[in-house]
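A.B. asks: Dumping the structure here so I can ask a few things about it.
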Amino acid sequence: MTRAQTPKPQPEAPRRRGLMLILSSPSGAGKSTLTRALKEDNRQDLLLSISVTTREKRPSEVNNVHYTFISEADFGVMRDRGELIEWAEVHGNFYGTPLKPIEAALAAGQDVLFDIDYQGTRQIVQRMRADTVTVFILPPSMAELKNRLDRRAEDSDAVIAKRLTNARTEIARWVDYDYVLINDNLDRTYDELRSILAAERLKRERQTGLGAFVDALLAEG
C-alpha cells in the first residue's frame, strides 16, 4: 500500500500595508460627493478618515460622521502634543487628522480615504510618502464652481465670495498631486477614481510580503 504523500505547504500569499487615498479640491468641485460615493461603495472597503475641525457645523452635517467638531482650545492641545498627522487653517478655521487611528488602520492592511485640502496633503506626503496616493479634483470652469456653491445654499454670499477667491490659490496646487481629474461628469470621474485605487493597490511596492512569497515559490521542488 502506497502511503499518501503529505501535501507541501503552499507559499503564503503576500500581505499588503494599507494606503491613504487623499482627495483635494476647491470647495464646490465635488470631492465630498466623490468621497461619499467611495465610502458607500462596499466593494472598495475604505475607512473614511474623520477630521477634527473648529468650524461651525452646517445643518446637513453630523458630528463624528462628517467631522468631529471641537473647540479651538482642544484643537491646540492635540496639535501641540503631536497627535495630528496633519493640520491646517482654512477659511479661518482649523482642521486636522488624528494620527493614532490612521497608523493602526494602515498596519492592519486597511485603506483610508481622506477629504482634505492641499496644506494637509503636503504634510502627510512629507511624513508618509510611501503610503499616500493623492488626487486633485478640478471643476470644469470657475462659473460652474460658483453655480455649485450657490446651489448648495449653505453659505452666505460673503463666504461664497471668499471660497471663490481661495479656489484660485488651491487650484494652483494641482501640480503637487499624483493624479488630476476634471469633474465635468460625476459618474465618469467616479469610475476614474476607482481605477486609480485599483491600480495603486496592486503596485509592487505595496505588497509587503511579495519577496518572501517569490522565494517560497522558487523553492518549490
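A.B. asks: Could we say that residue 93 is free of Cβ contacts under 8 Å to residues at least 24 places away in the same chain, surrounded by fewer than 18 Cβ atoms within 10 Å (Cβ to Cβ) and of a type outside the set (Lys, Arg) here?
C.D. replies: no
A.B. asks: Further, regarding this structure: Condition first: of a type outside the set (A, V, I, L, M, F, W, C), crowded, with 21+ Cβ neighbours inside 10 Å and farther than 19 Å from residue 36 by Cβ. Now tell me which residues in segment 99-120 satisfy that. Steps first, answer last, please.
C.D. replies: First pass over segment 99-120, keeping only residues of a type outside the set (A, V, I, L, M, F, W, C): 100-101, 103, 109-111, 115, 117-120.
The next check asks that each one be crowded, with 21+ Cβ neighbours inside 10 Å; those that pass are 111, 115, 117-118, 120.
The answer is 118, and nothing else.
A.B. asks: Can you pull out the residues in segment 117-157 that are part of a helix (DSSP H, G or I), hydrophobic (A, V, I, L, M, F, W, C) and within 28 Å of residue 97 (Cβ to Cβ)? Even if it seems obvious, please write down each step before you answer.
C.D. replies: Initially, segment 117-157 is screened for residues part of a helix (DSSP H, G or I), giving 118-131, 142-152, 157.
Filter again for hydrophobic (A, V, I, L, M, F, W, C), leaving 124-125, 128, 130, 142-143, 145, 149.
Across segment 117-157, the qualifying residues are 124, 125, 128, 130, 145, 149.
A.B. asks: If you scan segment 88-111, which residues turn out to be within 27 Å of residue 167 (Cα to Cα) and among the acidic types (Asp, Glu)? Give the derivation first.
C.D. replies: Here is the first cut: in segment 88-111, the residues within 27 Å of residue 167 (Cα to Cα) are 88-98.
Selection gives 89 alone.
A.B. asks: Filter segment 30-61 for residues that are in contact with an Asp or Glu (Cβ under 8 Å, 6 or more places away or on another chain) and under 16 Å from residue 136 (Cα atoms) and give the result.
C.D. replies: Passing the criteria: 31, 32, 35.
A.B. asks: Let me ask you something else. If you scan segment 121-144, which residues turn out to be within 16 Å of residue 24 (Cβ to Cβ), surrounded by fewer than 20 Cβ atoms within 10 Å (Cβ to Cβ) and of a type in the set (Ser, Thr, Tyr)?
C.D. replies: Once the filter is applied, which keeps residues that are within 16 Å of residue 24 (Cβ to Cβ), surrounded by fewer than 20 Cβ atoms within 10 Å (Cβ to Cβ) and of a type in the set (Ser, Thr, Tyr), segment 121-144 yields only 132.
A.B. asks: Across segment 121-141, which residue is modelled with the lowest pLDDT among those that are touching a Ser or Thr at 6+ places or on another chain (Cβ under 7 Å) and not aliphatic (A, V, I, L, M)?
C.D. replies: So, considering only residues that are touching a Ser or Thr at 6+ places or on another chain (Cβ under 7 Å) and not aliphatic (A, V, I, L, M), the one modelled with the lowest pLDDT is 121.
A.B. asks: So which of 160, 171 ends up being of a type outside the set (S, T, N, Q) and either at pLDDT below 85 or in contact with a helix residue (DSSP H, G or I) (Cβ under 6 Å, 6 or more places away or on another chain) (or both)?
C.D. replies: Working: 171 fails: either at pLDDT below 85 or in contact with a helix residue (DSSP H, G or I) (Cβ under 6 Å, 6 or more places away or on another chain) (or both).
Checking each option against the conditions leaves just 160.
A.B. asks: Still on this model: Restricting to segment 169-221, name every residue that is more than 17 Å from the chain's Cα centre (by Cα), over 19 Å from residue 28 (Cα atoms) and not in a helix (DSSP H, G or I).
C.D. replies: Answer for segment 169-221, where residues must be more than 17 Å from the chain's Cα centre (by Cα), over 19 Å from residue 28 (Cα atoms) and not in a helix (DSSP H, G or I): 202, 203, 207, 208, 209, 220, 221.
A.B. asks: If you don't mind, there's one more thing I want to ask. Given (1) of a type in the set (Ser, Thr, Tyr); (2) under 25 Å from residue 160 (Cβ atoms); (3) buried (at least 20 other Cβ atoms within 10 Å of the Cβ), identify the lone condition not met by residue 60.
C.D. replies: For residue 60, the exception is condition (3).
A.B. asks: Mind telling me which of the residues 146, 100 ends up being charged (D, E, K, R) and closer than 15 Å to residue 50 by Cα? Can you show your working first?
C.D. replies: Details: 146 fails: closer than 15 Å to residue 50 by Cα.
Among 146, 100, only 100 is charged (D, E, K, R) and closer than 15 Å to residue 50 by Cα.
A.B. asks: Then there is this: So is residue 86 surrounded by 13 or more Cβ atoms within 10 Å (Cβ to Cβ), under 19 Å from residue 126 (Cα atoms), of a type outside the set (Val, Ile, Thr) and touching a helix residue (DSSP H, G or I) at 6+ places or on another chain (Cβ under 7 Å) or not?
C.D. replies: Numbers: surrounded by 13 or more Cβ atoms within 10 Å (Cβ to Cβ): yes; under 19 Å from residue 126 (Cα atoms): yes; of a type outside the set (Val, Ile, Thr): yes; touching a helix residue (DSSP H, G or I) at 6+ places or on another chain (Cβ under 7 Å): yes.
When the stated conditions are applied, residue 86 passes them.
A.B. asks: Looking only at segment 10-68, count every residue that is without any contact (Cβ under 8 Å) to a residue 60 or more places away in the chain and among the aliphatic types (A, V, I, L, M) and tell me the total.
C.D. replies: The total comes to 4.
A.B. asks: Six or more apart or on different chains, Cβ under 6 Å: which pairs go from a residue in segment 169-184 that's farther than 19 Å from residue 200 by Cβ to one that's modelled with pLDDT of 95 or more and surrounded by fewer than 13 Cβ atoms within 10 Å (Cβ to Cβ)? Could you list them?
C.D. replies: none
The values are calculated or read from the model by the stated rules, or taken from the named source; none is laboratory data. All of these numbers come straight from a predicted model, not from anything done at the bench. FYI the Cβ positions are ideal-geometry reconstructions off the backbone, even for glycines, and counts take in every protein chain you see.
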